[in-house]
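The block underneath contains the structure these notes are about, expressed in structure tokens.
The values are calculated or read from the model by the stated rules, or taken from the named source; none is laboratory data. Remember, it's a predicted structure, so these values are computed and weren't measured experimentally. Reconstructed Cβ throughout: ideal geometry from the backbone, glycine too, with neighbour counts over all protein chains shown.
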Amino acid sequence: MAAVFTTVALLLCAYLIWLTVSDYQPLYKENLVIAHDGDEEKVAPGKEYSITTYNIGFGAYSQDFDFFMDGGTESKAKDKETVLKNIKGSVNELNKIDPDFAFVQEIDIDSSRSRKTDQRVLVAHGLDDEYTNCFAFNYKVPYIIYPFNDMHGKVSAGQGTYSKYKFETAERISLPTDQSWLARLFGLDRCMIVNRIKTSNNKELVLINLHMSAYDKGGEFRQKQLNMLEEVLQDEYKKGNYVIAGGDWNHVIPTTDINKFAKTEERPDWYDYIPENFSPKGYRFEVDENIATNRTAGIPYDKDVNFTAIIDGFIVSDNIDVVAKKGSDLQFKYSDHNPTTIEFKIKN
């Protein structure tokens, strides 16, 4: 018996050493590769544009899927066919919306949990228009050995931004995360993607794609992430640029009613509003307040049971007019999120 324990201990040590040596450690700022040139060079005041955000849930979240990190039992998509169906369904919905710009989160590349599919290619090639796009990793772990009955395995994932207009720059900026040893080995390396697009009045439209922390006991790192974002927003505002930041906030958007879509399931602890102390001057939240964007994933989806809320949306600078807000009620058919869209004009 002692020999067995010794062997297990040695294997565990070797595993942790392997993870430590191979730990993904992105720089604070990194330039991203830009794929394809947009058809248009500049955006113009007075013209109407649209932007959508959609967390596609790495293709695993069919309505019957629950996730172990949310209290469910499953750690991987049912099979490759399910993943392909869900990614194709999500992309088809984006094609129906046909936004000028799109923020997409939870895109997997060769991950065990999504049956080794390359979703970066599936999304980029599945869109009807050839969007300029860029991708940033936010989760890279060689192999996760829990849950022990169905190991999560290799994870390689990130978020992407898509545009019909040319990116002048594409940058990954790291967000604050827990830097304790085990958290670094197994946790996400959260980030924002910042893109700049020229405007015809010699300013910039700055797009910021976000995927904020969810599982953060006490909210310490969620608050630090918001503080950093506020600094970025205020800096761009002082420059006179047009700014839209959005994505999966993993907080309830403050202009919405947290209990509007309440069913029989109790509200999970992590479903909480963006703190009131996040109030960048010259900005406001914009989202369709009538369509939930996220469901709980501790149980399969049942429209009469699951708690749902709006945790995806946008914050925009006051030199942008929002002319329409449109959520897409997909009943979480392809993901644990629904896409949501705003239509806007930049002011002169």
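The strands (runs of 3 or more DSSP E) found entirely in the range 103-182 that carry 1 or more residues being closer than 20 Å to residue 59 by Cα and in contact with a helix residue (DSSP H, G or I) (Cβ under 7 Å, 6 or more places away or on another chain) are 132-144, 153-163. What are the residues in the range 117-138 that are in contact with an Asp or Glu (Cβ under 9 Å, 6 or more places away or on another chain) and either of a type in the set (S, T, N, Q) or over 28 Å from residue 97 (Cα atoms) (or both), if any? Passing the criteria: 117, 119, 132, 138. Name the single residue, out of those in the range 68-89 being of a type in the set (Val, Ile, Thr) and touching a helix residue (DSSP H, G or I) at 6+ places or on another chain (Cβ under 7 Å), that is farthest from residue 300 (Cα to Cα). Selected residue: 87. Filtering the range 79-98 to residues that are surrounded by 14 or more Cβ atoms within 10 Å (Cβ to Cβ) and under 25 Å from residue 146 (Cβ atoms) leaves 82, 83, 86. Of the residues 53, 6, 20, the single one that is touching a residue at least 40 places away in the same chain (Cβ under 8 Å) and assigned to a helix (DSSP H, G or I) is 20. With respect to the stated conditions, residue 201 fails to be assigned to a strand (DSSP E or B), more than 17 Å from residue 106 (Cβ to Cβ), polar (S, T, N, Q) and more than 14 Å from the chain's Cα centre (by Cα).
If you go through the range 281-308 and keep only what is over 18 Å from residue 55 (Cβ atoms) and among the aliphatic types (A, V, I, L, M), you end up with 299, 305. Once the range 61-87 is narrowed to residues that are closer than 23 Å to residue 136 by Cβ and not β-branched (Val, Ile, Thr), the residue that is nearest to the chain's Cα centre (by Cα) is 61.
Is there a residue being surrounded by 15 or more Cβ atoms within 10 Å (Cβ to Cβ) and closer than 18 Å to residue 272 by Cβ anywhere in the range 234-244? No: zero hits.
Within 17 Å of residue 40 (Cβ to Cβ) and touching a residue at least 12 places away in the same chain (Cβ under 8 Å): is that true of residue 161 in this structure? Yes; evaluated as a whole, the condition is true for this residue.
In the range 259-270, how many residues are buried (at least 17 other Cβ atoms within 10 Å of the Cβ) and of a type outside the set (Phe, Trp, Tyr)? Selection size over the range 259-270: 0. Scanning the range 325-340 for residues that are in a strand (DSSP E or B) and surrounded by 23 or more Cβ atoms within 10 Å (Cβ to Cβ) turns up 337, 340.
For every residue, the table says whether it meets (1) touching a residue at least 24 places away in the same chain (Cβ under 8 Å); (2) in contact with a helix residue (DSSP H, G or I) (Cβ under 7 Å, 6 or more places away or on another chain); (3) farther than 18 Å from residue 246 by Cα.
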| residue | (1), (2), (3) |
| --- | --- |
| 297 | yes, yes, yes |
| 301 | yes, no, yes |
| 313 | yes, no, no |
| 319 | yes, no, no |
| 325 | yes, no, no |
| 336 | yes, yes, no |
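Across the range 36-60, the qualifying residues are those that are modelled with pLDDT under 95 and among the charged types (D, E, K, R), and the one among them that is nearest to the chain's Cα centre (by Cα) is 37. Considering only residues of the range 213-254 that are outside any helix (DSSP H, G or I), of a type in the set (Ser, Thr, Tyr) and touching a residue at least 40 places away in the same chain (Cβ under 8 Å), which is nearest to residue 268 (Cα to Cα)? It comes out as 215.
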